[in-house]
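What follows is calculated from the coordinates using simple rules that are stated; it is not laboratory data. Every value quoted in this text rests on a predicted model; they were computed, and no experiment measured them. Glycine also receives a Cβ, built like all others from the backbone with ideal geometry; neighbour counts cover every protein chain displayed.
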Amino acid sequence: MSQTIGLADEAVATPAPRPGGPAVVLRDVRRRFGSRVVLDGIDLDIGRDEFVALLGRSGSGKSTLLRALAGLDPDYEGSVQVPAARSVVFQEPRLLPWRRVLQNVVLGLPRGARARRQGAAALTEVGLSDHVGAWPATLSGGEAQRVALARALVREPALLLLDEPFGALDALTRLRMHRLLQDLCARHAPAVLLVTHDVDEAISLADRILVLDGGRITVDRRVELDRPRERTDPRTEALRAELLVSLGV
Amino acid sequence: MTVVDAPGTAVLVPPGAAVPAAPPAETGLQEAWPGRRGRRSLTIPRSVRRLVGPLLLVAVWQALTAGGVVSARTLAPPADVYRAGLELWQAGELQAHLLASLRRAAAGLGIGVSVGVLLATITGLLRLADDLVDPAVQVLRAVPVLGLLPLVIIWFGIGEAPKIALVAIGTAFPVYVNTHAAIRGVDAKLVEAATTFGLRRGSLIRHVVLPGAVPGFLVGLRFALTGAWLIMIVAEQINAKTGIGFLMNEARVWFRTDIIVLGLVVYGVLGLVTDGIVRLLERTLLSWRRGFAGS
């Protein structure tokens, strides 16, 4: 188990980028809201099929960073290099209530039989092949979030951005979603940035964990534990304790 | 229901009978619903029950007018109103006036609703247009539509045009105000999510903004329809040769309260029918709200 805990500038160099070049390259990214500095010089490379979890207290700027990567924020300084094919899953499913499930999944794709086929296949992948024609209002929270996942994956993103996607789900559903997400990521192999405040979620899913604090990346750490990662494994517990300290808990 | 009383003995309790309960004093507990449970309410269908009120109203009206408490010159009895309606229908007059009224309402509503929706869409989507148009519309909205009557007559003369214009003006405002508010009220998070999936302006409007504004538009449409009939009643009593309002105004000259009431009934029925049309529209356009997966 290699450990790399250090300051931001040191951290960038440590994790070796995967072969094929990085999927995300950030250089000296800054973001201010008025006089408040939320991102204070972020340097970050994410590899092509790397699963990165970004931890941070609320208000630490994790969502701001994700919005910059998603192309939802035009007001950052510095350089944010991302692939064209990106998808976002938000904390809320954000499905259009007036479009049926399948139409929500293929939203924005070129219309036609091909898109419908791909959309149906994506829904099958998340286990919702029976809900193709359902209205979003009839879905449970977990089902709606699975539709949001299908909608993200049907675009075959090179970068999948997840903004606390399981935060609003109950504990059991969340565990099931973790397993689903791992399966999907193994199959589609996108680069993933998961923004979360849940240390256990980060440990169980990520190849690499970052901690954002005071607008800087203060921890950049590879997780080289075997999967499935048991909560009771002493190494997992040590990692959790360490991350909680760096989050100031 | 079988209640085991003691080992080996089963006591049959007839269905519906209360199960002997422990006295509250012993446990300090009580049945959550102390009355009889699972009782069916009256078996008269709800639609029939809802008819009782209106029928009673007609019965009282008939009793008062036929009994001489209220003279026919003040208010015609329902039977007379029915007879007047039948006569006018057989003469073909009622249909002609009804058609004239419907034509005016349709033309006025068509213009008013189109203008309202168009204006609301433009101001709802473009901030510049909003800043230029919306304050002016909000000021004009405060003017009572019927107050425009003399002006409208000067502008459009005394033919069909002033009546249609008045209905159009009166219906454009509620449609505009409600649709505009609904467009502005569309969840920004949905718009944001849609942009991350590559939707650009045109498809954003088509898939996100306009469908999201439909509920508000329908509220506006409902107000517009009610308003349209209100305006028609007044507009048709001035310088008209046809229409339900004209029919009523003419009846006033001859003290024919039966025809006046008939006109009111016709307006009432028209109001009900148009309301039913909006409800049907709601059911089809807003089926996603009911949450049934029915295709």
Next item on the list: Express in whole angstrom the spacing between the alpha-carbon centres of region B:169-238 and region A:44-73.
Entry: 38 Å
Check: When Cβ neighbours within 10 Å are restricted to other protein chains, what is their mean count per residue of peptide B:203-210?
Finding: 2
Note to self: If each DSSP helix of 4+ residues adds -39,500 (n - 2.57) and the sum is divided by the residues in chain B, what number results at 222 nm, nearest 500 deg cm²/dmol?
What the structure shows: -22500 deg cm²/dmol
Next item on the list: Quote the Stokes-Einstein diffusion coefficient, in whole µm² s⁻¹, for region A:96-156, based on the Kirkwood radius over alpha carbon pairs, a temperature of 37 °C and a viscosity of 0.692 mPa s.
Entry: 298 µm²/s
Checklist line | region A:164-228: relative contact order in percent, alpha carbon pairs under 8 Å with at least 6 residues between | finding: 23 percent
Checklist line | Mean separation of Cα contacts under 8 Å (6+ apart) over length of region B:215-295, as relative contact order % | finding: 30 percent
Check: A:VAL219's amide H: which non-local residues (gap 5+, or another chain) put their own amide H closer than 5 Å, with H modeled 1.01 Å from N in plane and none for Pro or chain starts?
Finding: A:VAL211
Checklist line | J(HN,Hα) series, region A:196-213, from Karplus relation 6.51 cos²θ - 1.76 cosθ + 1.60, nearest Hz, glycine and proline x | finding: 8, 10, 9, 4, 5, 4, 4, 5, 6, 10, 8, 7, 8, 10, 10, 10, 9, 8
Item checked: Integer Hz, Karplus 6.51/-1.76/1.60 couplings in order for region B:93-105, x for Gly and Pro -> 6, 4, 4, 4, 5, 4, 4, 4, 5, 4, 4, 4, 4
Next item on the list: Would you kindly calculate the translational diffusion coefficient of the protein assembly as shown, applying Stokes-Einstein with the Kirkwood radius from alpha carbon pairs, for 37 °C and a viscosity of 0.692 mPa s, and quote it in µm² s⁻¹ without decimals?
Entry: 110 µm²/s
Item checked: C-alpha long axis of helix A:171-188 to longest principal axis of chain A, angle in ° -> 90 degrees
Check: Going by average Cβ neighbours within 10 Å, how do the peptides B:73-79, A:105-111 rank, with the highest at the top?
Finding: A:105-111, B:73-79
Next item on the list: Run down the lysines and flag those whose C-alpha is under 20 Å from the C-alpha of A:LYS62, throwing out any fewer than 8 positions away in its chain.
Entry: B:LYS189
Notebook entry, point to check: Charges only on Cβ, +1 for Lys and Arg, -1 for Asp and Glu: so what's the dipole of chain A about the Cα centre, in debye to the nearest 20?
Noted result: 1020 debye
Note to self: Need the list of lysines near B:LYS241 for cross-linking: C-alpha distance under 16 angstrom, and skip anything on the same chain fewer than eight residues off.
What the structure shows: B:LYS163
